[in-house]
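Structure first, commentary second.
The values are calculated or read from the model by the stated rules, or taken from the named source; none is laboratory data. Given the structure is predicted, the values throughout are model-derived calculations rather than measurements. A quick note on method: Cβ atoms are made from the backbone with ideal geometry, for glycine too, and the neighbour counts reach across all protein chains shown.
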Amino acid sequence: MAKLLDKQRYKCALAAMQTVQAIDRAIPVLHSGPGCAQKLSDGTGSSGYFSPNIFPCTSINEKDVVFGGVKKLHSTIDNALKVIDADMYVVLTGCIPEIVGDDTGEVVSEFADSDKPVIYAPTAGFKGNNYKGHEQVVDAIIDQYLEKAEARQKGLVNIWADVPYQDLYWLGNLRELENLLKEIGLTPNTIFGYNRGIDNINKIPYAEFNLVISPWVSLKNAKKMERKLGIPYLHYKTLPIGAFETSKFLREVGKYANLDENKVEEVIAEHEKYYYYLIERYADLFLENRVINKQFSVVADAHYALGIAKFLTNDLGLIPAKQFITDDTPKEYREAIAEEFKELNYGLQAEAVFETDGYKIHEAIKEHDYHGYPLILGGYYDKEVTEDLSGNFLNISWPVNDKVVFDDFIVGYTGGIRLIEDIYTVAVQRQCHLL
């Protein structure tokens, strides 16, 4: 029997076109039906140098279903190379060409001698969502473009975090993670965002290690790079938000990279001093506000659900109710992620619910007794149910309909402060309405 999902929080694998778009001067070439790019583009800052409205696309139709679309794909790639000024061309396949058996890899191989690299990733929607599509794009870069380096650059580390554009704060988070690693003496390398692109992709094989900051996304990519390129990796499962987790993160990275422990501790001490100064300034607000209850739920992918849940518990002393993970996390990761929600301060534990059906999530929220005004951090879908419960809502995960984010971030010490500002701004506004 078919399963219907209400308010799912992800897109099909072809939305990995946004992963490509996040690489400066890389362009997706779509082997798909007409309209896919437009439907998958949600307007969250995804225009830029190459807009989804002008992505090269084969726009395959009924005739191509019968006779195949490889000739049209060859022509589309050829013309894209002639008329579009890009540094990398990434062919992404939709459902139709993979169902009819088009050999996309064979077509792409015919452009091996092009001046610019042409690679491909199988991203049919029926194979998974855009989290998996993101990994497929990175895999394509590893398998079809990168080669093992003869030497390593001292202190160079590749950073892999969440999925660009699917994550509202992806750009700002990456830049802040770069800044933190620079402060403790490392040279960070990321391939997404402003002025990164092909030059940074070329640096990947020279890194001393890969740093995966995610419960599961990009972990398979890191393991592949270890096998193929000989690059070891450090897997840090929790997005570091606020002082407690960020200090723990920097210590673990510093230890793994054999950095000067005193230098790392100096950086941590300086950040913590200012962080807690800001917290102390608003201690009365935290203790005396009457519209944010101690209990909260996060409705987001594993990346944000885990990171924000630990932050709100460990730094602010809030009590976790059920935490809802919406990214269709592969089953092999779920047990380990659920265990992370049990490792909270003060002996607290949170129940992680892996659920993609928005209706079931909302029913569970309505059934739970938050003992007052609930705090819900989630996608815009969750705003209405929160308001029905007279709760406080903050839109921090996809879909995002009530804010615009350019390069804001919630990671690190400063990111934690910004998230606190957003949460308690909601509380203060509501308190004013109640007076």
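List of remarks:
- Qualifying residue in segment 105-114 (condition: touching a residue at least 12 places away in the same chain (Cβ under 8 Å), part of a loop (DSSP other than H, G, I, E, B) and not small (Gly, Ala, Ser)): yes
- In segment 262-295, the qualifying residues are those that are among the hydrophobic types (A, V, I, L, M, F, W, C) and under 14 Å from Gly242 (Cβ atoms), and the one that is modelled with the lowest pLDDT is Phe286.
- Residue match in segment 131-151 (condition: closer than 16 Å to Ser32 by Cβ, among the hydroxyl-bearing types (Ser, Thr, Tyr) and not assigned by TED's automatic domain parsing to the domain that holds Ala207): no
- Scanning segment 179-205 for residues being touching a strand residue (DSSP E or B) at 6+ places or on another chain (Cβ under 9 Å) and either at negative phi or surrounded by fewer than 18 Cβ atoms within 10 Å (Cβ to Cβ) (or both) gives a total of 17.
- Test: residue in segment 276-294 that is farther than 28 Å from Ser390 by Cβ, surrounded by fewer than 16 Cβ atoms within 10 Å (Cβ to Cβ) and touching a residue at least 12 places away in the same chain (Cβ under 8 Å): yes
Conditions (1) of a type outside the set (Lys, Arg); (2) at pLDDT 95 or above; (3) in a helix (DSSP H, G or I), marked per residue:
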| position | (1), (2), (3) |
| --- | --- |
| Ser390 | yes, no, no |
| Leu394 | yes, yes, no |
| Pro399 | yes, no, no |
| Gln429 | yes, no, yes |
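- Test: residue in segment 82-99 that is farther than 28 Å from Phe406 by Cβ, in a strand (DSSP E or B) and either touching a strand residue (DSSP E or B) at 6+ places or on another chain (Cβ under 8 Å) or modelled with pLDDT of 95 or more (or both): yes
- Any chance Ala302 is surrounded by 20 or more Cβ atoms within 10 Å (Cβ to Cβ) and either within 30 Å of Gly133 (Cβ to Cβ) or modelled with pLDDT under 95 (or both): yes
- Looking only at segment 39-78, and only at residues there that are modelled with pLDDT under 75 and in a helix (DSSP H, G or I), the one that is surrounded by the most Cβ atoms within 10 Å (Cβ to Cβ): Asp64
- Filtered by the rule that a residue be surrounded by fewer than 20 Cβ atoms within 10 Å (Cβ to Cβ) and in a loop (DSSP other than H, G, I, E, B), segment 401-423 gives Asn401, Asp402, Lys403, Val404, Val405, Phe406, Asp407, Asp408.
- Single condition Lys248 does not satisfy, out of (1) part of a helix (DSSP H, G or I); (2) under 30 Å from Lys7 (Cα atoms): (2)
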